[in-house]
1. Please compute the length gained on full extension between VAL105 and VAL39, using 0.36 nm multiplied by the number of residues separating them and subtracting their Cα-Cα distance.
2. Using 0.36 nm per residue, how much length does the chain from VAL63 to VAL122 gain when fully extended, once their Cα-Cα distance is taken away?
3. What's the local net charge at ALA115, with K and R +1, D and E -1, over the other residues with C-beta under 10 Å away?
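What follows is calculated from the coordinates using simple rules that are stated; it is not laboratory data. In this text the structure is predicted, and so the values were computed from the model without any measurement. Glycine gets a Cβ as well: all are built from the backbone with ideal geometry, and neighbour counts include every protein chain shown.
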Amino acid sequence: MNIIGRVMTLAAAAVLCAGAHATLADTAHAGDAKTRDFVLTITGTDGLTFTGACQLRTAEGTVEMPLDGVVPEHREVRGLGLKCVIEKAGREGTITVEVMRDGKVVSYNSNSGSAGIFNVSVR
């Protein structure tokens, strides 16, 4: 086989290997997206108000969830990921934000100061 033939053979093999690698990487990445059970619990001083919103990522897209409410609050959702911004509206009292994923606590924050903003992002 001449030099040009060898170069062409090696180039073709490299293209095939690169294509197989890209396919395997895409498959692995797609397999990472797993539907999970999330539980958002907001506790603290009874009657304390808060405001905020969550975005639940699902296979079909993003679902907006407003969170204006009063402690305690409990939400159970199912999706690929959960992202929330929660702000303590009252000046006095304690607020605690906890997120469980598939039965395990994955995020926990508490604030007893005069103001508090919580950013939670789990998948």
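1. Values: separation 66, 0.36 × 66 = 23.76 nm, distance 0.91 nm.
Roughly 22.9 nm would be gained on extension.
2. Working: separation 59, 0.36 × 59 = 21.24 nm, distance 1.49 nm.
That pair, VAL63 and VAL122, stretches by 19.8 nm at full extension.
3. Working: positive: LYS88, ARG91; negative: GLU87.
That sum, taken over residues with Cβ under 10 Å, equals +1.
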